[in-house]
Amino acid sequence: SDSTCEELLERLAKAMASAYAPQTPLVNNCLLVVSPEHYDTLAKGGIASKAALARALWTRSGRHLLPHVGWIIKALFKMKFPKMPALALRLIGSLASGIGALAYALGLPASPVPKFSSPDSIKIVVAGGDG
């Protein structure tokens with residue numbers, strides 16, 4: 001079936017959000033191979049360059065971390081403050097989980113912790129075709 005630019009961006013971002021593990025933030029490198037047909041769909045929808053596509057996917061893939069933000073924040077606090085009491089870590093994680101779940105349910109566009117370190121972490125190649 002034909003996809004719109006928005007539908008295609010969302011499907012790509014959701015798939016990319018599972019890179020390494022769904023709850024793992026700040027992945028440094030990702031190679032995305034896009035078919036010419038999909039790239040045309042994206043271009044017709046306003047994505048003018050590979051850099052623009054990387055920026056759009058960086059923002060959207062980060063949104064898919066929102067359900068995991070409690071675990072991520074708890075793990076980051078545990079690394080930064082190893083002597084913090086377990087109860088405090090659980091409270092911080094629970095609070096962040098609630099905020100993340102609410103933000104995801106409201107459709108907010110980004111996570112406080114991105115999936116990829118930066119849009120430059122996403123390398124894009126257009127390849128494929130009729131052979």
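The values are calculated or read from the model by the stated rules, or taken from the named source; none is laboratory data. Note that the coordinates shown come from a computational prediction; the quantities given were computed from them, not determined experimentally. No Cβ is skipped: glycine too gets one built from the backbone with ideal geometry, and neighbour counts run over all protein chains shown. Accessible surface is based on the protein model in full, side chains and every heavy atom, while ligands, DNA and RNA are left aside. Shrake-Rupley method; radii C 1.70, N 1.55, O 1.52, S 1.80 Å.
A few comments on the model shown:
- Fluctuation leader among Lys44, Lys74, Lys115 - the chain, Gaussian network, Cα springs under 10 angstrom: Lys44
- Sequence-separation-based contact order of region 16-99, relative, with Cα cut under 8 Å and 6+ spacing, percent: 34 percent
- For the chain, the solvent-accessible area of protein heavy atoms averages 60 Å² per residue (probe radius 1.4 Å; ligands and nucleic acids excluded).
- Charge-dipole axis of region 30-131 as Lys and Arg at +1 and Asp and Glu at -1 on Cβ define it, positive-most pick from Ala54, Pro119, Tyr104: Tyr104
- Lysine pair count for the chain (Cα-Cα distance under 15 Å; residues 8 or more apart in sequence or on different chains): 4.
- Net charge of the neighbourhood of Arg55, taken over other residues with C-beta under 14 Å away and scored Lys/Arg +1, Asp/Glu -1, is +4.
- For the chain, the share of accessible area belonging to carbon and sulfur comes to 62 percent (1.4 Å probe, ligands and nucleic acids excluded).
- D (Stokes-Einstein, µm²/s), Kirkwood Cα radius, region 27-131, 0.692 mPa s at 37 °C: 210 µm²/s
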